[in-house]
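Before any comments, here is the structure.
Where a number appears in this text, it was derived from the coordinates with a stated rule and is not lab data. Owing to the predicted nature of the structure, the values given are computational and were not obtained by experimental measurement. When we count neighbours, we look across all protein chains shown, and the Cβ atoms used for this are built from the backbone with ideal geometry, even at glycine.
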Amino acid sequence: MHFLLFESAQAASQKAYELIQEAKFQGAQTFGLATGGTPEQLYAILRSSDIDFSDSYAINLDEYIGLDPTHPQSYAQYMQKNLFSTKPFKATYIPNGSNPDVAAETAAYEKIIEDHPIDLQILGIGTNGHIGFNEPGTPFDSKTSLVDLTASTIQANKRYFESEEEVPTQAYSMGIGTILKAKKIILLAFGSSKAQTIADLFSGNITIDNPASALHHHHDVSILLDPEAALYIKDKLKN
Ligand code: F6R
């Protein structure tokens, strides 16, 4: 696992963009994508670049349960707005949060990922260490499933909704085991709210209480940080 410190979130996002370009150049076809505040600058860079995804596949990490793909706060809409409407892909996949058939939805999503193995996975990280919406306690071999969001995740995500009551309490999320199958993983973490979870990850302590620590089991993970997220580990980083 490589921890890389940048002078700003913008500089770290620029590096993520370069790694995506490099992966594409080397033949990557399928990109695992995240939502939330963290990748917004990366998506802005991609939108204004000349990168062409028309032969690529996008597979998103997660979607809120109960939100139809047309709901303004759905991750389907987030992806349309932040990337897909400007940069069309050959095909894009996001779990359907309005499908009440959990077994069918999760099995279909695993099949999609099996058919399109993820070459490069972009991740954010929750303040509690979640990756995708895999909250603390999730087994490291988990597959795509319906997950309950913790109070801290609901709290962190309420900024996108009119009120906390409107934030869905469950989501479909790619599993930790599914994420670990990606060939290459780039995790972005920005801001002081991520400093403690990044310090925990850096400590090397592998525990299901910190879902991101599963990434220590993967051979190609880059953690791109801004100075605030790297607050407690800055002195220990060589770059
Ligand atoms: C989003 C996702 C989550 C977020 C995490 C951080 O698809 O899977 O793990 O990456 O909650 O969210 P932000 O970037 O809003 O701090």
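Scanning the chain for DSSP H helices at least 18 Å long along the axis (C-alpha atoms) with a Kyte-Doolittle mean no lower than 0.0 picks out 102-115.
Excluding same-chain neighbours fewer than eight residues apart, the lysines reachable from K158 by a Cα-Cα span under 23 Å are K81, K194.
Quick one: dipole size for the range 85-239, taken about the Cα centre, charges +1 on Lys/Arg Cβ and -1 on Asp/Glu Cβ, in debye to the nearest 20.
Details: 13 positive and 19 negative charges, 140 e Å.
In debye, rounded to 20, the range 85-239 gives about 680.
Excluding same-chain residues fewer than 8 positions from K183, which lysines have a Cα within less than 21 Å of its Cα? Result set, ordered by chain and number: K15, K24, K90, K111, K143.
Applied to the range 137-142, the Karplus parametrisation 6.51 cos²θ - 1.76 cosθ + 1.60 on θ = phi - 60° returns per-residue 3J(HN,Hα) values of x, 6, x, 5, 9, 5 Hz, with x for Gly and Pro.
Think of it as helices only: each DSSP H run of n ≥ 4 in the chain is worth -39500 (n - 2.57), and spread over all residues that comes to -8000 deg cm²/dmol at 222 nm. Contact order, relative form, for the range 151-238: 31 percent (alpha carbon pairs under 8 Å, 6 or more residues apart, mean separation divided by residue count).
Put a plus charge on the Cβ of each Lys and Arg, a minus charge on the Cβ of each Asp and Glu, and nothing anywhere else: the dipole of the range 12-88 about its Cα centre is then about 120 debye. Spin-label pair E162-I208: with each label point 7 Å from Cα along the Cα-Cβ axis, the two points sit 3.9 nm from one another. In this structure, the amide hydrogen of I223, modeled 1.01 Å from its nitrogen in the peptide plane, lies closer than 5 angstrom to those of H2, F3, L4, L187, counting only residues at least 5 positions away or on a different chain.
Starting from 0.36 nm per residue, how many nanometres of slack lie between T86 and D141 once their C-alpha separation is accounted for?
Numbers: separation 55, 0.36 × 55 = 19.80 nm, distance 3.49 nm.
Contour length minus Cα-Cα distance gives 16.3 nm.
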